[in-house]
Amino acid sequence: MRVLHFFKTYWPDTFGGIERTIDAIARSTSGMGIETTVLSLSRKPRERSVEFHGHRAVKARLDLDVASTGLSLGALGQFAREAAKADIVHYHFPWPYMDAAHFLVRHGKPSVVTYHSDIIKQRALKQVYAPLMQRFLGSVDALVATSPNYAASSPVLARHRDKVEIIPIGLEDAAVDAEETLPVCVEAERPFFLFAGVLRYYKGVDVLLDAAPLVPCDIVILGAGPLEDHLRKRVSAEGLANVRFVGALPDREKVALMRRCSAFVFPSTERSEAFGLALVEAEMFGRPMISTELDTGTSYVNLHGETGLVVPPNDARALAAAMNEMLASPERARQWGEAGRRRYLDLFTAEAMGRRYQALYARLQAQAGR
């Protein structure tokens, strides 16, 4: 079976949460008789059309990027050619250009949408886009939500409930036999909390900095992004001596931080944090977690009182109180981490995700053949 994934960007141009999910789907289904191609946009389409983890990443030229919406004149023809060779077309939402391409090309193949997030930031654009969006979502054969929490709380998915099914995002297990090197700025003997992620507006790192003076241990911030300069300047200006920025790191150092942190802290503030793949990584390594209640997948991955603690968003005092509770009760924190590891093995492995997508593809293909 041949599956074509279509999204605005992919490796090697970018490798964020949706790109990691596409890669994990492709890798986990490759041993199940599924051949994957990923079509995306790129400023350098020829040199960045590559083989990657056993699947093809092909590029159309990115001509313009407006409000996080990549546009391309040449992509329509390339999408038509790739879709003609595919048995299933797998879209990744949101990307308004993709919706238009679906109707302009009319490939006639069974189609599935993984619904990663509501449109949160571009509210004005959403009003203009809404009719096309609803028509597109109504026309595909299946919609996948990544958690029951998001399926229940999204007003968009509520309109298409009859075709929604839940497939949580899964990751390959990296908790075994991984090399470790702790960054030199992190003292191995001192307890520390770890944040990992792209430093974007909705990640809540400013709230974490508000909590830092109330917590008697180090806070390590792993990652880079558009807010990094602002956050570093704030730490310097406020003299937050217990905050350490380590930037984006290779896997061996990331693994060491995950293994050795007292707990993983994820203080996101907006529903743009639709799932929280970093929380799955924390569970993979058996770390207790602190996250925020956004009515999204974050509270599906991290169960309050079972795998960690869930606090209100934008509440630095509540966040600090949860961190201090973890420090004061290390045995309970250890038990939460062990429960998280079990939850990862039960729900969030790449193999489990791959089996669910393979079954969905097979069902859609069988229905199309009737």
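Residues considered: V301, V310. Of these, the only one that is under 20 Å from A274 (Cα atoms), without any contact (Cβ under 8 Å) to a residue 24 or more places away in the chain and either in the same structural domain as S153 (by the TED database) or open to solvent by less than 40 Å² (accessible area, probe 1.4 Å) (or both) is V310. I18 meets the conditions (1) closer than 27 Å to Q367 by Cβ; (2) at pLDDT 95 or above in every case but one. The failed one is (2). Within segment 260-284, restricting attention to residues that are surrounded by fewer than 20 Cβ atoms within 10 Å (Cβ to Cβ) and of a type in the set (D, E, K, R), the residue that is nearest to P213 (Cα to Cα) is R260. Set side by side, the residues T36, T21, T29 differ, and just one is closer than 18 Å to R356 by Cβ and part of a strand (DSSP E or B), which is T36.
Among the criteria (1) under 26 Å from Y115 (Cβ atoms); (2) in contact with a helix residue (DSSP H, G or I) (Cβ under 8 Å, 6 or more places away or on another chain), the one H304 does not fulfil is (2). Kindly check whether there is at least one residue in segment 177-184 that is touching a residue at least 24 places away in the same chain (Cβ under 8 Å), surrounded by fewer than 17 Cβ atoms within 10 Å (Cβ to Cβ) and farther than 26 Å from T349 by Cα. Yes, the conditions are met somewhere in segment 177-184.
Per-residue answers, yes or no, for (1) in the same structural domain as D295 (by the TED database); (2) modelled with pLDDT of 95 or more; (3) open to solvent by 30 Å² or more (accessible area, probe 1.4 Å):
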| position | (1), (2), (3) |
| --- | --- |
| P110 | no, yes, no |
| Y115 | no, yes, no |
| A124 | no, no, yes |
| F136 | no, yes, no |
| P148 | no, yes, yes |
| L157 | no, yes, no |
| V198 | yes, no, yes |
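Within segment 260-291, the set of residues being farther than 18 Å from Y150 by Cβ and either part of a loop (DSSP other than H, G, I, E, B) or out of contact with any strand residue (DSSP E or B) (no Cβ under 6 Å at 6 or more places or on another chain) (or both) comprises R260, C261, S262, P267, E281, M284, F285, G286, R287, P288. Figure legend. Inter-residue proximity from segment 89-106: first residues in contact (Cβ under 8 Å) with a residue 40 or more places away in the chain and open to solvent by less than 30 Å² (accessible area, probe 1.4 Å), second residues part of a helix (DSSP H, G or I) and among the aromatic types (F, W, Y), beta-carbon distance below 9 Å, spacing 6+ or different chains. Indicated pairs: V89/F79; H90/Y357; H90/Y361; Y91/F136; F93/F136; M98/F79; M98/F136; A101/F79.
Only one entry of A75, A60 meets the criterion of being without any contact (Cβ under 8 Å) to a residue 24 or more places away in the chain and open to solvent by less than 50 Å² (accessible area, probe 1.4 Å), and that entry is A60.
Results for (1) crowded, with 19+ Cβ neighbours inside 10 Å; (2) modelled with pLDDT of 95 or more; (3) assigned to a helix (DSSP H, G or I); (4) among the polar types (S, T, N, Q), shown as yes or no for each residue.
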residue	(1), (2), (3), (4)
L208	yes, yes, yes, no
P216	no, yes, no, no
V220	yes, yes, no, no
D229	no, yes, yes, no
S236	no, yes, yes, yes
L240	no, yes, no, no
R252	no, no, yes, no
M258	yes, no, yes, no
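Being in the same structural domain as I290 (by the TED database), part of a helix (DSSP H, G or I), closer than 27 Å to R341 by Cα and small (G, A, S): is that true of A224 here? No, not satisfied.
Here L279 passes the criteria (1) touching a residue at least 24 places away in the same chain (Cβ under 8 Å); (2) farther than 17 Å from C217 by Cα; (3) of a type outside the set (D, E, K, R) except the one numbered (1). Being more than 20 Å from G308 (Cα to Cα), open to solvent by 20 Å² or more (accessible area, probe 1.4 Å) and either in contact (Cβ under 8 Å) with a residue 40 or more places away in the chain or part of a helix (DSSP H, G or I) (or both): is that true of E189 here? In short, no.
The values are calculated or read from the model by the stated rules, or taken from the named source; none is laboratory data. The shown structure was predicted, so the numbers you read here are calculated from the model rather than taken from an experiment. Here Cβ is always computed from backbone atoms with ideal geometry, including for glycine, and neighbour counts include all displayed protein chains. Note: accessible area is taken over every heavy atom of the protein model, side chains too, but ligands, DNA and RNA are not part of it. Shrake-Rupley method; radii C 1.70, N 1.55, O 1.52, S 1.80 Å.
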